[in-house]
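Participant: One structure is given below, represented as structure tokens, and several questions about it will come after.
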Amino acid sequence: MSADTIDKTAVRNAATVVVVRDRMRDPKVLMGQRGAKAAFMPNKFVFPGGAVDAADAAVPLATPLPSPCAERLVEDSAEDISHALAVAAIRELWEETGLILGAPGSWSEPAPDDWMGFSSQGLQPSASALQFIFRAITPPGRPRRFDARFFLIDADHIAGDLDDFSAASDELSHLQWVPLPTARHDYDLPFITEVVLAEVEANLHDTAPPASVPFFRNDDEASLFIRLRGYAPRSID
């Protein structure tokens, strides 16, 4: 489908990655600035992330998401797209920052074009370090709307040099490690980014997947704040 035929008001599934460095000593988060002409959140400092592509569902993972996170991703969703969301998170991190979340391994089939640089380093995308921590749907009336799932990862799981952004695309500028205690005060952030940062800061020393996940569910009728507590999908006889 060409970009011209995409309904820009439709809610698209998306994955966003919050990478935390020096978590227990001097925590910092990886952020970059969106362009001034961007249709969605121009000039704002944001985490790496973007919409799920149709091809993401077919990309193999060396290791899957932790089971609690996969279960919470299914909750309040029309279908199970947890695998595609994990792949999208890793792909967007790679494309926008040049950083790799992967494990050693060879691809059973040639890697798609988006993954050639990734696979050339002898790595496969690995989701075991991703933790699902937040979900939010963009309110109505915005030029783009996303059902965004936020994933936290510890920078220790990144392969390679954490300060090498040479393989990054030009979608985000001023890529940098922002001190977590000052991020909400010193940078121009979207509201939802501020909320997620507060959630990260409050649970910084808990390295296990959260017991429940905050969800801002905005639709045409109401804006609701609920918590996803996770459950395994049940079969229908």
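Participant: Check A84, A89, A127 and return the single one that is small (G, A, S), over 16 Å from V46 (Cβ atoms), at pLDDT 95 or above and assigned to a helix (DSSP H, G or I).
Facilitator: Values: A89 fails: over 16 Å from V46 (Cβ atoms); A127 fails: assigned to a helix (DSSP H, G or I).
Unique residue meeting the criteria: A84.
Participant: Still on this structure, I have one more. Quick one: P110 ticks every box in (1) surrounded by 15 or more Cβ atoms within 10 Å (Cβ to Cβ); (2) closer than 22 Å to S169 by Cβ bar one, so which box is it?
Facilitator: Of (1) surrounded by 15 or more Cβ atoms within 10 Å (Cβ to Cβ); (2) closer than 22 Å to S169 by Cβ, only one is false for P110: (1).
Participant: Output the number of residues of segment 86-113 satisfying the condition of being out of contact with any helix residue (DSSP H, G or I) (no Cβ under 8 Å at 6 or more places or on another chain) and of a type in the set (D, E, K, R).
Facilitator: Within segment 86-113, residues that are out of contact with any helix residue (DSSP H, G or I) (no Cβ under 8 Å at 6 or more places or on another chain) and of a type in the set (D, E, K, R) number 4.
Participant: State all residues of segment 204-215 that are out of contact with any Pro (no Cβ under 9 Å at 6 or more places or on another chain) and either surrounded by 15 or more Cβ atoms within 10 Å (Cβ to Cβ) or not in a loop (DSSP other than H, G, I, E, B) (or both); if no residue qualifies, say none.
Facilitator: Hits for segment 204-215 are V213, P214, F215.
Participant: Is one or more of the residues making up segment 146-159 among the basic types (K, R), under 26 Å from F225 (Cβ atoms) and over 17 Å from the mean Cα position of the chain (by Cα)? Walk me through how you get there before you give the answer.
Facilitator: The first filter runs over segment 146-159 and keeps only residues among the basic types (K, R), leaving 149.
Still in the running and under 26 Å from F225 (Cβ atoms): 149.
Then drop every residue that is not over 17 Å from the mean Cα position of the chain (by Cα), which leaves none.
Scanning segment 146-159 turns up no residue that is among the basic types (K, R), under 26 Å from F225 (Cβ atoms) and over 17 Å from the mean Cα position of the chain (by Cα).
Participant: Is it true that some residue in segment 151-158 is assigned to a helix (DSSP H, G or I), surrounded by fewer than 15 Cβ atoms within 10 Å (Cβ to Cβ) and modelled with pLDDT under 95? Let's see the steps before the verdict.
Facilitator: Quick first cut of segment 151-158, residues assigned to a helix (DSSP H, G or I) only: 155-157.
Narrowing the set further to residues that are surrounded by fewer than 15 Cβ atoms within 10 Å (Cβ to Cβ) leaves 156.
Checking which are modelled with pLDDT under 95 leaves us with none.
Checked segment 151-158: no residue is assigned to a helix (DSSP H, G or I), surrounded by fewer than 15 Cβ atoms within 10 Å (Cβ to Cβ) and modelled with pLDDT under 95.
Participant: For segment 179-203, how many residues meet the condition of being surrounded by 16 or more Cβ atoms within 10 Å (Cβ to Cβ), more than 17 Å from the chain's Cα centre (by Cα) and of a type in the set (A, V, I, L, M)?
Facilitator: Residues that pass the stated criteria total 2.
Participant: Do we find a residue being among the hydroxyl-bearing types (S, T, Y), outside any loop (DSSP other than H, G, I, E, B) and at pLDDT below 95 anywhere in segment 55-68? Full working, then the answer.
Facilitator: Residues of segment 55-68 among the hydroxyl-bearing types (S, T, Y): 63, 67.
So of that shortlist, the ones also outside any loop (DSSP other than H, G, I, E, B) come out as 67.
Still in the list and also at pLDDT below 95: 67.
The answer is yes; a qualifying residue exists.
Participant: Given the options A86, A54, name the one that is small (G, A, S) and within 24 Å of E199 (Cα to Cα). Let's see the steps before the verdict.
Facilitator: Numbers: A54 fails: within 24 Å of E199 (Cα to Cα).
After ruling out the rest, the residue left standing is A86.
Participant: Among the residues of segment 130-143, write down those that are in contact with a strand residue (DSSP E or B) (Cβ under 8 Å, 6 or more places away or on another chain) and part of a loop (DSSP other than H, G, I, E, B).
Facilitator: Filtering segment 130-143 for residues in contact with a strand residue (DSSP E or B) (Cβ under 8 Å, 6 or more places away or on another chain) gives 130-140.
Answer for segment 130-143, where residues must be in contact with a strand residue (DSSP E or B) (Cβ under 8 Å, 6 or more places away or on another chain) and part of a loop (DSSP other than H, G, I, E, B): L130, T138, P139, P140.
The values are calculated or read from the model by the stated rules, or taken from the named source; none is laboratory data. It should be emphasised that the depicted structure is a prediction, and the values quoted were computed from it without experimental measurement. We place every Cβ from the backbone using ideal geometry, glycine too, and count neighbours over all the protein chains shown.
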